[in-house]
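The values are calculated or read from the model by the stated rules, or taken from the named source; none is laboratory data. Everything numeric here is computed off the predicted structure, so don't read it as measured data. Here the Cβ positions follow ideal geometry from the backbone for every residue, glycine too, while neighbour counts run over all protein chains shown. Accessible surface is based on the protein model in full, side chains and every heavy atom, while ligands, DNA and RNA are left aside. Shrake-Rupley method; radii C 1.70, N 1.55, O 1.52, S 1.80 Å.
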Amino acid sequence: MTALALTGLHAGYDRDLPIVKGVSFTVQRGEAVCILGPNGAGKSTMIKAIAGLVPCFGGEVRLDGTDITGLASHVLVGKGMGFVPQMENIFTRLTILENLQIAAQLLPKQDRAGRIDAMFDMFPDLGSRPRELAGALSGGQRQMLAAARALLTEPRVLMLDEPSAGLSPKLVGQVFDTLRRISETGVTLVLVEQNVRAALGLTERALVLVDGQLAHDGPADALHDGRLLGELFLGHRTAEAGS
Amino acid sequence: MSQPSQPPILQARGLTKSFGGFRAVNDISLDLGTSEILGVIGPNGAGKSTLFNLLAGAVPIDAGSVHLAGVNLTHARPEARIKSGMGRTFQIPRPFPRMTVLENVMTSAQGQRGESLLSALIAPRQVAAQERANANRARDILDFVSLSHLEDQPASVLSGGQRKLLELARVMMADPRLILLDEPAAGVNPALLDLIIDRILAINRLGIAVLLIEHNMEMIARLCPRVIVMAAGKALAEGAPAEVTRRADVIDVYLEGMPA
Amino acid sequence: MNPQAIIDGLISGSTIGLGAIGLTLTYSILRFANFTHGDFLAWGAYLTLTVAGVLGGLAAGLGAPVYPFSFGWGLPLAVLGGVALTVALALGLDRILFGRLRARGADTIIIVMASFGASMALRSLLEFIFTAKPAYFTKALQIANPLGLGMRATPDQLLVIGLTLLLVLVLHLVVTRSATGRAMRAVSENPALAGVYGIDVGKVVRVTWIIGAGMACIAGVMAGLLVQIRPYMGFDLLLPLFAAAILGGIGSIPGAMLGGLIIGLAEAFAVQIVGAEWRAAVSFVILVLVLMLRPQGIFGQRGA
Amino acid sequence: MELLAYAAFFLTIALTYAIMCLGLNVQWGQTGLFNVGIAGFVGLGAYVSAALTTPDAAERIGGFGLPIAAGWLAAMIAGGVLALLVGLLTLRMRSDYLAITTFGIAVALQLVFQNAESLTGGAFGMAFIPRPFAGLQGQSFAFNLVNLALTVAVVAVVYLLLEHLLRSPWGRALRAVREDEVAAQALGKNPVLLRIQAFALGGAIMALAGAVQAHFIGFIAPGNYLPMMTFQVWAMLIVGGSGNNRGAVLGAVLVWAIWALSGALISEVFPADQQARAASLQIVVIGVMLCLILLWRPQGILPEVRSVSRHLGRRNKDT
């Protein structure tokens, strides 16, 4: 069963200079996929276009078979699209609880408190101090809150833009442990990452984007020896890369 | 090209910058010889852009110092840095889109008398003479970056690569001693990439030092005798590009973003 | 120094504060200085007056004063109608003018300019319809009762102060406790992220206009009740409103109220010291002082 | 003859507005600074010039009987200094703080005109302001014509001066700052300094317009400098085309013509007791027009032209 399908997506900030240039792929329900690629390849722009934050100029995006191309971001949330931006992904002037309450507004009234409690169980760091301002959280805790917010509405697809950005190795481990737990509950995961090793440890399948186009779509294992990545990131053109 | 015997043109010591609780740049020091090209590489999030912004004066420095040819620029505003001989380009070029290519370059001349409201009013002759001289110089520089044929066009018509060349021309017009280049290869098609690399080398041959932050390893390999690899805000390795990119710890940070 | 200045200041400060609430909310959520806001006060007063006239025509008894106030049940009923019409005016203006400019991605300052043009048009339209002659909600004269310490106030004036405090309290609770208030604070911090959280930013914008225009109408009626109704009443209040909103800190409801009270009191004391003719300069002096000393205002966040 | 005299009078007034428009164009059209206190700057110029040039009067300070040119110069200095102060206070902050502050300046100056009786004559204003070519006052046509010529000359001088500045390196730096402040800064331009200069220059020109107008009419009162005037000048610039100095002059004449014609129409159509009321319709029309232009043709009638620095000449063949 296809959860997310892109067909020939063109997107960017300026119609004359698209950053994503005709990308097609599908993600099955329950699958975890990471999107890799060098800086400036258009990974972030693509995921934002899917989430309704960047204009699409051509092609289409389907969520569970429904065409969602170009819908506003708040409409997509209601349709089961969860998105965690890379930076500024929580409201720092609101409390932790309020951040979750905003997201819970989309749920039926009787479910709200229960879902918030479930998130606090999943992220005890947040549950221990719900009335603190989110701005007081550390980098890793902010990512937790952002993920909890997106998960609260039980999205069909959860997309994250570089959840490891700016985190220490220990926190990266924690965040990816959390993502693994999330993935194991059956949520479809789409992940843009720079931290290739951590991402490949989590997902079965990897997409590599280069200059706005898909350069690789296949099992994540194929990338483990680092040859392709060495070429992409460090300019190695020969097979001894990564050895 | 590195000449350790000469005093460095750029001396940065203990540069440190935190955002919130996050140390983006952590105690980085670097020296740049008077006619050296130094590359700074590293995975995304390593702090390269922040380092660039600290040197260019785009964000305030928490700790450390920056000296250009002995002049303390640690807290100088961007407009003061270029006057002291430190020029910069932008990763996404920022031409003045509705001004012509020639005007874009001329804007960047330093010490223009006509930029003072008073001189523009009371000394039109001197201003005109200086303008003619500047125009000629700007045209020479446009020749140098192969944009002469576009001098009367608004900058908005330029392609991505041409915009990068215009940025080079603009910064050259300011007569710098050091140019900070922020990803000059980003968004440039392969044909123009060769030209840009060639022009950077030519600029360097004029005795202008270049500090280059870049992801494109081909450009790094062709331009930089020496690179610094950044990871997690620190300098992880330093040396010739061919050597450092094969070090296991460098490959690790590229694949994991952090030193193991 | 006459202690009566305190009462006078609190009374005019209440209207200024109430009007500044709408201004501070539109500023923090729609991100522009809305020069039509003063005219919402004037339109609110005239629309309420019109509704009151219609109600009085339908049921004459509604106009009879209710002791101890100078007005009858008709006025509070008319205020409901006036608020609804003022809100419709603000939403309509957003629909045909501000919203279109926003959708086009126009610069903030273009939207400010449009609000300036709309303000002139709205004010002159009032003058055309109702003439420049002052109008009154009531012709009844009220005796000011002594409050002690040499201060006196009429029942109407005390009602205005009380009602203002009540409204500010309710609004403050709405913004800090309710889902709508959370969404408003979220949009004012980061509109793009609000969409990612599932907030309909367009709806929040509409709520902002509803609250802002509603408060403006009530403030206009209060000013009309205590003084008189004139087409220029809102325009004359615009500078105090801006000064109060900036003094309190953009986006802060208690701040706008406190700013309003400070300006009301400062005006009242200035009237006693340098004379009534300089009253309008007080807000300007306060505005300049705030911009020089603490541009983020009393409750404002830096960079907000 | 009567009609021609009136036409000259009409054009002279319109051209004083054109000077204001040119001043606003420096601030808004070239620099993007929103001034909502134009009437304050214009009034300041009028009062300063009047105070310096009127004959000595018992009831107020001032009345130095200086030549008209001295009054105009002083007006420009006053307007420039006031704009400089406002700029220093607000130009580092969000753009709309300047709008609010200039709005406040106009309100505060209006109070000074109204209440500082010993300086301004209070509500009655100031009369006996010397008029240029006063010797011709008896022949209305000749008098209006030479005054028109003088005003045309002032407009021409201001226009040429601004065009010269626009094409100078100063104008180029100003455009660079407007197009991309960060890039301009990296090239050594100081955005705040350039903006403050442009704002002060615009303020000085507006004050000059006020002085020219005051000396043409010979009488000023606080009621001349209401927010209405600010609004009219804005409408003129936006209609004519902001950023274009010819557009500023065209807009001033055009909007003033619409204003005068609609005023004449109202006095024809409405009975005398309703005319004041109907006059407010004029303002409604101009306000709606301003909004419609912002919505449908933000560039105005004459869009901004690319102004390239002169002195560039053609490319030297030998280089």
Pair list, Cβ < 9 Å and 6+ apart or interchain, from the stretch A:37-62 residues that are part of a strand (DSSP E or B) to residues that are open to solvent by 10 Å² or more (accessible area, probe 1.4 Å) and among the basic types (Lys, Arg): A:Phe57/A:Arg15
Of all residues being among the basic types (Lys, Arg) and in a loop (DSSP other than H, G, I, E, B) in the stretch C:121-158, which is farthest from C:Phe40 (Cα to Cα)? Just the residue, please. C:Lys139
Suppose we keep only residues that are more than 8 Å from chain D (Cβ to nearest Cβ) and not β-branched (Val, Ile, Thr) within the stretch B:89-103. Which one would you say is surrounded by the most Cβ atoms within 10 Å (Cβ to Cβ)? B:Pro93
Out of all the residues in the stretch C:282-304, which are open to solvent by less than 40 Å² (accessible area, probe 1.4 Å) and touching a Gly at 6+ places or on another chain (Cβ under 9 Å)? C:Ser283, C:Phe284, C:Ile286, C:Leu287, C:Val288, C:Val290, C:Gln296, C:Gly297, C:Gly300
C:Pro65 is checked against (1) within 14 Å of another protein chain (Cβ to nearest Cβ); (2) open to solvent by 10 Å² or more (accessible area, probe 1.4 Å); (3) at pLDDT below 95 and fails just one. What number does that condition carry? (1)
Can you give me the number of residues within the stretch B:158-184 that are surrounded by fewer than 20 Cβ atoms within 10 Å (Cβ to Cβ) and among the acidic types (Asp, Glu)? 1
For the stretch A:156-173, which residues satisfy the criterion of being under 12 Å from the mean Cα position of the chain (by Cα) and either part of a helix (DSSP H, G or I) or at pLDDT 85 or above (or both)? A:Val157, A:Leu158, A:Met159, A:Leu160, A:Asp161, A:Glu162, A:Pro163
Can you tell me which residue is farthest from the other protein chains (Cβ to nearest Cβ) among those in the stretch A:148-165 that are crowded, with 24+ Cβ neighbours inside 10 Å, of a type in the set (Gly, Ala, Ser) and under 23 Å from A:Arg93 (Cβ atoms)? A:Ala148
Looking only at the stretch D:150-169, how many residues end up being crowded, with 24+ Cβ neighbours inside 10 Å and in contact with a Gly (Cβ under 6 Å, 6 or more places away or on another chain)? 2
Quick one: in the stretch A:37-73, of everything that is open to solvent by 50 Å² or more (accessible area, probe 1.4 Å) and within 13 Å of chain C (Cβ to nearest Cβ), which residue is nearest to A:Arg197 (Cα to Cα)? A:Lys48
Boolean, B:Pro60 is touching a helix residue (DSSP H, G or I) at 6+ places or on another chain (Cβ under 9 Å), away from chain D (no Cβ under 14 Å) and not hydrophobic (A, V, I, L, M, F, W, C): yes
Hey, among the residues in the stretch B:104-122 that are at pLDDT 90 or above and among the β-branched types (Val, Ile, Thr), which one's surrounded by the fewest Cβ atoms within 10 Å (Cβ to Cβ)? B:Thr107
Please return the ranges of helices (runs of 4 or more DSSP H) entirely within the stretch D:134-252 where 2 or more residues are at pLDDT below 95 and more than 11 Å from every other protein chain (Cβ to nearest Cβ). D:140-166, D:191-217, D:227-240
Output yes when any residue across the stretch D:93-103 is assigned to a helix (DSSP H, G or I) and open to solvent by 40 Å² or more (accessible area, probe 1.4 Å), and no when none is. yes
Scan the stretch C:102-132 for residues that are without any contact (Cβ under 8 Å) to a residue 24 or more places away in the chain, on the phi < 0 side of the Ramachandran plot and more than 7 Å from chain D (Cβ to nearest Cβ) and report the count. 4
Being within 15 Å of the chain's Cα centre (by Cα), within 10 Å of another protein chain (Cβ to nearest Cβ) and either open to solvent by less than 60 Å² (accessible area, probe 1.4 Å) or under 23 Å from D:Val36 (Cα atoms) (or both): is that true of C:Leu261 here? no
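Answer yes or no as to whether B:Asn72 is polar (S, T, N, Q), open to solvent by 40 Å² or more (accessible area, probe 1.4 Å), farther than 25 Å from B:Ala186 by Cβ and away from chain D (no Cβ under 11 Å). So that I can check it myself, show each step before the final result.
Working: polar (S, T, N, Q): yes; open to solvent by 40 Å² or more (accessible area, probe 1.4 Å): yes; farther than 25 Å from B:Ala186 by Cβ: yes; away from chain D (no Cβ under 11 Å): yes.
Answer is yes for this residue.
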From the list C:Val227, C:Val274, C:Val207, exactly one residue is more than 13 Å from every other protein chain (Cβ to nearest Cβ), open to solvent by 10 Å² or more (accessible area, probe 1.4 Å) and free of Cβ contacts under 8 Å to residues at least 12 places away in the same chain. Which is it? C:Val227
Out of the residues in the stretch D:118-133 that are buried (at least 17 other Cβ atoms within 10 Å of the Cβ) and within 14 Å of another protein chain (Cβ to nearest Cβ), which is farthest from D:Val26 (Cα to Cα)? D:Gly122
Of the numbered conditions (1) over 15 Å from the mean Cα position of the chain (by Cα); (2) within 14 Å of chain A (Cβ to nearest Cβ); (3) open to solvent by less than 10 Å² (accessible area, probe 1.4 Å), B:Ala155 fails exactly one; give the number of that condition. (2)
Condition met for C:Thr164 (away from every other protein chain (no Cβ under 14 Å), polar (S, T, N, Q) and in a loop (DSSP other than H, G, I, E, B)): no
Of everything in the stretch B:230-250, what is open to solvent by 30 Å² or more (accessible area, probe 1.4 Å) and either among the polar types (S, T, N, Q) or in contact (Cβ under 8 Å) with a residue 24 or more places away in the chain (or both)? Give them in sequence order. B:Ala232, B:Lys234, B:Ala235, B:Leu236
Failed condition for D:Ile100, given (1) within 14 Å of chain C (Cβ to nearest Cβ); (2) at pLDDT below 90; (3) farther than 29 Å from D:Arg60 by Cβ: (2)
Any residue in the stretch B:127-144 that's more than 9 Å from every other protein chain (Cβ to nearest Cβ): show its pairings with residues that are of a type in the set (Gly, Ala, Ser) at Cβ separation under 6 Å, as long as the two are six or more apart or on different chains. B:Ile141/B:Ala169; B:Leu142/B:Ser148; B:Leu142/B:Ala169
